[in-house]
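**Student:** Next up is a structure, given as structure tokens.
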Amino acid sequence: IKRLQSEGLVKASAIITDALSSLITEAIKAGRAVEKLEAPAPGFYYTEEGRLYAHNIDITMPEPEELRRALETLNELHDAYNHIEDAFLKVVKWGLAAPFAFAYKLRHEGKFIPGLYIWGVTHTAKTTLAKIAVALYAKDPEGATFFTTGSSVNTEARLGYRLEQSTLPLIVDEAAEM
């Protein structure tokens with residue numbers, strides 16, 4: 001898509017993702033194209049020997065001081081969200097397991113770790129809680145890899161494209177717009 005856009009061949013940028021995806025899918029079905037698997041997206045996978053490994057993810061051990069600061073931060077966040085303690089704890093627990101959801105799904109066919117859908121009235125910290133969960137494993141929970149809006153993934157092709165970018169969870173803000 002970026003190449004087509006840079007060459008000035010895209011006249012309707014709002015539909016290029018869907019159109020190109022459909023063209024490629026139909027070309028494969030018709031035998032006019034061959035699907036080749038590329039290197040996996042960043043995330044956690046199992047080797048053929050059954051060992052879990054991280055692909056394109058920094059998993060260096062933190063220094064003791066970093067761990068201490070992280071625990072202090074979690075305690076401060078817990079205190080700040082003690083009025084919704086159950087939701088806060090659920091989000092943190094989910095955030096700890098979420099990076100491994102894709103690997104778990106591959107290893108245990110038919111079983112999966114469900115995604116988290118935080119719902120409620122406006123201004124009740126739903127998006128902030130989701131960002132806290134993602135911040136457990138990502139330096140920038142608002143980065144394009146981890147955060148999007150419901151309107152930007154409002155078709156199956158757009159959502160699929162975003163989910164293919166990483167096996168790590170994706171925050172979809174204002175999911176009702178999907």
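The values are calculated or read from the model by the stated rules, or taken from the named source; none is laboratory data. Bear in mind that the values here come from a model prediction, so they are computed numbers and not experimental data. Note that each Cβ is placed from the backbone with ideal geometry, even for glycine, and that neighbours are counted across all protein chains shown. For accessibility, only protein heavy atoms count, side chains too; no ligands or nucleic acids. Shrake-Rupley method; radii C 1.70, N 1.55, O 1.52, S 1.80 Å.
**Student:** Hey, of (i) 8, 28, 33, 21, 8, 2; (ii) 10, 29, 29, 17, 9, 4, 1, 0; (iii) 9, 24, 26, 22, 13, 5, 1, which did the structure itself give for P(r) over Cα pairs in 10 Å bins from 0, in percent when calculated?
**Tutor:** Derived directly from the coordinates: (i).
**Student:** Check cross-link reach from Lys93 to the lysines: straight Cα distance under 30 Å, and skip same-chain residues fewer than eight apart.
**Tutor:** Lys105, Lys111, Lys126, Lys131, Lys139
**Student:** Please give the contour-minus-distance gain from Ala14 to Ala41: 0.36 nm per residue of separation, less the Cα-Cα distance, rounded to one decimal in nm. Please report the intermediate quantities before stating the final value.
**Tutor:** Details: separation 27, 0.36 × 27 = 9.72 nm, distance 2.45 nm.
Gain in length upon complete extension: 7.3 nm.
**Student:** I've got another one for you. May I ask you to derive the FRET efficiency for Thr155 and Arg32 from their Cβ-Cβ distance with R0 = 30 Å, giving the value to the nearest 0.05? It would help to have the intermediate numbers written out before the result.
**Tutor:** Values: r = 24 Å, r/R0 = 0.79.
For Thr155 and Arg32, the calculated efficiency is 0.80.
**Student:** Quick one: which residues, 5+ away or cross-chain, put their amide H under 5 Å from the amide H of Asp173? H built at 1.01 Å from N.
**Tutor:** When sequence neighbours closer than 5 places are left aside, the close amide H contacts are Thr148, Thr149, Gly150.
**Student:** Mean residue ellipticity at 222 nm from the helices of the chain, using -39,500 (n - 2.57) per DSSP H segment of n ≥ 4 over the full residue count, to the nearest 500 deg cm²/dmol?
**Tutor:** -12500 deg cm²/dmol
**Student:** A further question follows. How would you order 50-59, 159-168 from highest to lowest mean count of nearby Cβ atoms within 10 Å?
**Tutor:** 159-168, 50-59
**Student:** Another question, if that's okay. Write down the accessible area per residue of the range 62-137 in Å², having rolled a 1.4 Å probe over the full set of protein chains.
**Tutor:** 72 Å²
**Student:** Still on this model: Test of understanding: what is the full-extension gain from Phe112 to Leu71, defined as 0.36 nm times their sequence separation minus their Cα-Cα distance?
**Tutor:** Here the segment from Phe112 to Leu71 would lengthen by 11.9 nm.
**Student:** Carbon and sulfur together cover what percent of the accessible area of the chain at a 1.4 Å probe radius?
**Tutor:** It is 56 percent, rounded to a whole number.
**Student:** Listed highest first by mean packing, meaning other Cβ atoms within 10 Å per residue, what order do 23-29, 94-100 come in? It would help to have the intermediate numbers written out before the result.
**Tutor:** On the way: 23-29: 11.6, 94-100: 18.0.
Those peptides, ordered most packed to least, come out 94-100, 23-29.
**Student:** Which GluC sites (Glu not before Pro) in the range 57-123 pass both tests, a DSSP loop state and at most 15 other beta-carbon atoms within 10 Å?
**Tutor:** When the GluC sites (Glu not before Pro) of the range 57-123 are filtered for loop state and at most 15 Cβ neighbours within 10 Å, Glu109 remain.
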